[in-house]
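Here the structure comes first, spelled out in structure tokens, and everything after it is commentary.
Since every read-out is calculated from the coordinates, none of them should be taken as a lab result. Since the model is a prediction, treat every value here as computed from it, not as a measurement. Note: ideal-geometry Cβ built from the backbone for every residue, glycine included; neighbour counts use all protein chains shown.
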Amino acid sequence: MTRHFVLLGSALGLAALLPGAAGAVDLPVRKPGLWEMKIVRTGSTMPEMTMQHCTDETTDKDMSTAVSPMAKDICSRQDIQKTATGYVSDSVCGVAGVTVTSHAEITGDFNSAYTVKTTSHADRGSAGAARDTTATVEAKWLGPCKADQKPGDVIMAGGMKMNIKDMEKLKGLIPKQLPK
């Protein structure tokens, strides 16, 4: 079951970080190249995770186009606002009987580094206890993508590689209902 929350959280996290995601303000496009993203969660059994993402301007825009319709299907609220120090994102999304309310504060320049601090509340209704978590994503630009990488490649811990352009396939990972 924790895996399902991680998948949901990852999908929602991607939606919050994408340029052009639904909301009053568009986030800037990240500098093309290889980005390292370190994710630290509290209130969760998930360990710290570091991944790399090879991107270019087109890929960041394409990610928004791919994720936005999925987010529109599962989110009743998605709002991004510019602040004095960066951006704030608020969302309410539901899948498989779980409603997740999230608040994210995004700071940085999208050229060398940015940070996303998210608090979320997952409510399973009568199916189980609610859960509060916090997550921090620390992203930094490492330089050009490596020779064996193409824009959209995400390299997970342990070396597993997938391409974000295959987002349509990821929709199948979001559970229609939670296992009992």
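Points to keep in mind about this one:
- Expressed in Å, the radius of gyration and Dmax of the Cα atoms of the stretch 79-121 are 12.3, 38.
- Charge context of ASN111, other residues only, Cβ under 11 angstrom, K/R +1, D/E -1: +2
- Annotation: the stretch 83-171 has a Kirkwood hydrodynamic radius of 15.9 angstrom, from the mean reciprocal C-alpha pair distance.
- Cα-Cα over 26 Å, subset of LYS117/LYS146; LYS38/LYS82; LYS72/LYS146: LYS117/LYS146; LYS72/LYS146
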